[in-house]
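Just below is one structure, and these are the notes that go with it.
Here, each number is a calculation from the coordinates, and none is a lab measurement. Only a predicted model underlies this, so the values are computations on that prediction, with no experimental measurement involved. Glycine gets a Cβ as well: all are built from the backbone with ideal geometry, and neighbour counts include every protein chain shown.
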Number of protein chains: 4
Amino acid sequence: MNRIDWPYPTPGIPDHYFSRGQVPMTKEEIRVLTLAKARLGSGMIVYDIGSGTGSLAVEAARLVAPGEVLAVEVNPEACALVRENARRFGLKNVRVITGMAPAALEGLPPPDRAFIGGSGGHLEGILAACHQTLRPGGIIVLNAITVETLGTALAWGYRRGYQVEALAVNLARLEPAGRYHIWRALNPVYIVQLMTQRRHDE
Amino acid sequence: MNRIDWPYPTPGIPDHYFSRGQVPMTKEEIRVLTLAKARLGSGMIVYDIGSGTGSLAVEAARLVAPGEVLAVEVNPEACALVRENARRFGLKNVRVITGMAPAALEGLPPPDRAFIGGSGGHLEGILAACHQTLRPGGIIVLNAITVETLGTALAWGYRRGYQVEALAVNLARLEPAGRYHIWRALNPVYIVQLMTQRRHDE
Amino acid sequence: MNRIDWPYPTPGIPDHYFSRGQVPMTKEEIRVLTLAKARLGSGMIVYDIGSGTGSLAVEAARLVAPGEVLAVEVNPEACALVRENARRFGLKNVRVITGMAPAALEGLPPPDRAFIGGSGGHLEGILAACHQTLRPGGIIVLNAITVETLGTALAWGYRRGYQVEALAVNLARLEPAGRYHIWRALNPVYIVQLMTQRRHDE
Amino acid sequence: MNRIDWPYPTPGIPDHYFSRGQVPMTKEEIRVLTLAKARLGSGMIVYDIGSGTGSLAVEAARLVAPGEVLAVEVNPEACALVRENARRFGLKNVRVITGMAPAALEGLPPPDRAFIGGSGGHLEGILAACHQTLRPGGIIVLNAITVETLGTALAWGYRRGYQVEALAVNLARLEPAGRYHIWRALNPVYIVQLMTQRRHDE
């Protein structure tokens, strides 16, 4: 495992800089958009629920230091990857919580931001748990690849009075094909932003 | 014109925070992806060619301070908007160069990064001018909405030995429609990244 | 109103061949995909629920003659457009039923195929009504632009034992912009196909 | 090889009904849109250049009978597949021309329609050959997956005075993922329509 020096304040670390094994990873461009929708700031406490490889946790940890990212992940292989990737980028502020949300969230410090990347079928419970402890002005950002998760997240957000915004993201990356170049599609992803209060200028 | 305090280090200032008049603006999500592909860093000199409303210049200026963004724009209405938007976000490091690239680039300090958002039909000349003065390790990021601009940029990049990556971006934003929600599509945009050297780990 | 001779057996009549007023129209390419998913055949009875301008009804009527298309539409302006567009293409086998589905479906002959383009908030009732009278081997094809309609249609289809397939369609049309060409996005549409039985080869 | 009875006049035969081996196939939905843009009619002579598995040739042959589809294909494995797929659907009006276009086009009867699915790097030569023999009112429809093919086709079409239309197609198919459903993206495809004359109503 070689240490990586990524000196740029802009998010968007290329996918291949992360160890990933067989664990699903939030792709670079989706990560960038997800981080933007979370409006991170220095000193924040961030949940990363369903952390996978930890690529999002790593990027968030760089942006919120000396704040902390609490990476909640049930799969032990993934937990090891989160730790490895945090070390690779020299980060001390990623704490791995091995366990299944929402149960694993109990006793954690209240978050300023919560990312939900995977919910293991407990999305409503996870949202409810985040809602209970989310700090004033807090934001929940959810990445959904299923129609059902999108539907649940939107319905929940409206019901609870959040300001709801969402994006459907269809991206394709250029790839050489002989002398020519084709587009290789990434699977569609939905990004849902749930904000606890109206923005001050609206 | 009210001053806006946007305290987050993550890019992604909402579109409606900018004054825009009739001038085309790089949409929030495209801006975020474009900034990521540029890998900005503190102290950098950044060209923003075809600056439009200056939304990209404003976001870049926040990220490279005490570096500087040189916003090159031929349309006087747009130049005024760039200045207004820079003031609105309290930025002193956006310099507006009124004129047509590539001619207007003469005499400017060599850039670390160059954004090309509009080329007024002089794309090859602009690319050549950037190429001549781009600092070692420099990156050019181009937003193309036309098929022709995409083709020219890719062919130019390969011919000059750049490492070329590109994205086709199809986004849609959720929008209320009565009790339901539809997706409102943004027009497709291509983001082309031209890097002067192989990444160290490849 | 001039009569149009469209001599091709392939679906895909250009949008501007239809009278449309202020009524929403299923765009040419969405129409083509929707008709394909319905697997129309000569002699079939077809419901077109939420017919709008009748563009889908017109294309279907050409393909199923001497079968019949029953265009169910509550908006009187739209009903007039359906009739006008049917006349324009010389079709005698489009019958307009003015009324709100599912109530308006009562007493109609059982369908081989049902298109649902608009449901006025009564999607479950419409699906149930179609389900009750749909002939063996029948197919329901639904165009959804809202997240909620998509979710309801999928859940309903699975619950009732249909073979469910669906497409998310993101299209953009080339458009001149000076000497260049941009892509103009159509809003995303979901096409849901509900088939009453397994295909014989599966 | 079992004979398939596909009784529907609408195009859109599912992909898995075709034998395909390792040969690239035009996917069902792209085929449907491509056929629509060609405006096929009974009795037409159709070129299918770069026929691949012949899925497009098969669908076109059904629609133009007693016309004929001339499937031009250089890969012997693909030629065998075209023949097999034509037999599978009981079609006598698909003629396979083994060879490389444009050379292989010499001596063929002039076409009413030409599909170009693959060009082996000879796109301009193929377009020129089609142009020379295309019948009055003829239409060329091209499927491009590369940026370069798209650019060449558009530039050629405009230069030769064709009426040019094009689509960028981003589709995703619903796929089960446990109890939920994700979208599986197809790679982006461009469909270019080149028409020899203005439509009569414009």
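Side notes on the structure shown:
- The calculated FRET efficiency for the pair C:Ala177 and B:Ser42, based on their C-beta separation and a Förster distance of 60 Å, comes to about 0.95.
- Restricting the trypsin sites (Lys or Arg not before Pro) of region B:75-124 to loop positions (DSSP other than H, G, I, E, B) with no more than 12 neighbouring Cβ atoms within 10 Å leaves B:Lys92.
- Other protein chain Cβ atoms within 10 Å, averaged over every residue that makes up C:26-34: 4
- Its Cα centre serving as origin, region B:9-53 has a Cβ charge dipole (Lys and Arg +1, Asp and Glu -1) of approximately 100 debye.
- Diffusion coefficient of region A:52-202 by Stokes-Einstein, Kirkwood radius over Cα pairs, 25 °C, 0.890 mPa s: 145 µm²/s.
- Qualifying GluC sites (Glu not before Pro) in region C:76-110, DSSP loop, other Cβ atoms within 10 Å at most 12: C:Glu106
- Backbone geometry of region A:106-123 corresponds, through the Karplus equation with coefficients 6.51, -1.76 and 1.60 at θ = phi - 60°, to 3J(HN,Hα) couplings of 4, x, 6, x, x, x, 7, 9, 9, 9, 10, x, x, 10, x, x, 10, 4 Hz, x marking Gly and Pro.
- Backbone geometry of region D:152-166 corresponds, through the Karplus equation with coefficients 6.51, -1.76 and 1.60 at θ = phi - 60°, to 3J(HN,Hα) couplings of 4, 5, 5, 4, 4, x, 5, 4, 8, x, 6, 7, 9, 10, 8 Hz, x marking Gly and Pro.
- With an a/c value of 1.5 or above and a/b not larger than b/c for the gyration tensor axes a ≥ b ≥ c computed over the alpha-carbon atoms, region A:141-202 is described as oblate.
- Across the identical copies, the label point of B:Ala177 (7 Å from Cα in the Cβ direction) is separated from its matches by 2.4, 2.5, 3.2 nm, in order from shortest.
- Table column - 3J(HN,Hα) (Hz), region C:43-48, Karplus curve with 6.51, -1.76, 1.60, x for Gly and Pro: x, 6, 9, 10, 8, 10
- Taking a straight line from the alpha carbon of A:Lys92, these aspartates and glutamates sit under 15 Å away, with near neighbours fewer than eight places off in the same chain left out: A:Asp5, A:Glu59, A:Glu68, A:Glu84.
- Closest approach to the axis - chain B beta-carbon, rotation onto C, Å: B:Ala185, 2
- Each Lys and Arg adds +1 at its Cβ and each Asp and Glu adds -1 at its Cβ; summed about the Cα centre, the protein assembly as shown shows a dipole of about 0 debye.
- Highest-first arrangement of C:56-63, B:67-74, D:128-135, where packing means the average Cβ count within 10 Å: C:56-63, B:67-74, D:128-135
- Interchain or long-range residues, amide H under 5 Å from B:Arg184's placed H: B:Arg173, B:Leu174, B:Glu175
- For region D:112-155 and region D:1-37, distance of Cα centres in Å: 21 Å
- Near the amide H of C:Gly118, within less than 5 Å, lie the amide hydrogens of C:Gly50, all on another chain or at least 5 residues away, with H placed in the peptide plane.
- Projected onto planes of every orientation and averaged, the convex hull of the alpha-carbon atoms in region C:1-98 covers 5.3 nm².
- Label distances, nm, A:Gln22 versus same residue in remaining copies, Cβ-directed 7 Å point: 2.7, 5.9, 6.0
- Between the residues A:Gln22, A:Ile49, A:Ala36, the greatest Cα displacement towards the positive end of the dipole of region A:1-131, with unit charges on the Cβ of Lys, Arg, Asp and Glu, is found for A:Ala36.
- Ranked from shortest, the separations from the 7 Å Cα-to-Cβ label point of B:Ser42 to its equivalents in the other copies are 0.9, 7.7, 7.8 nm.
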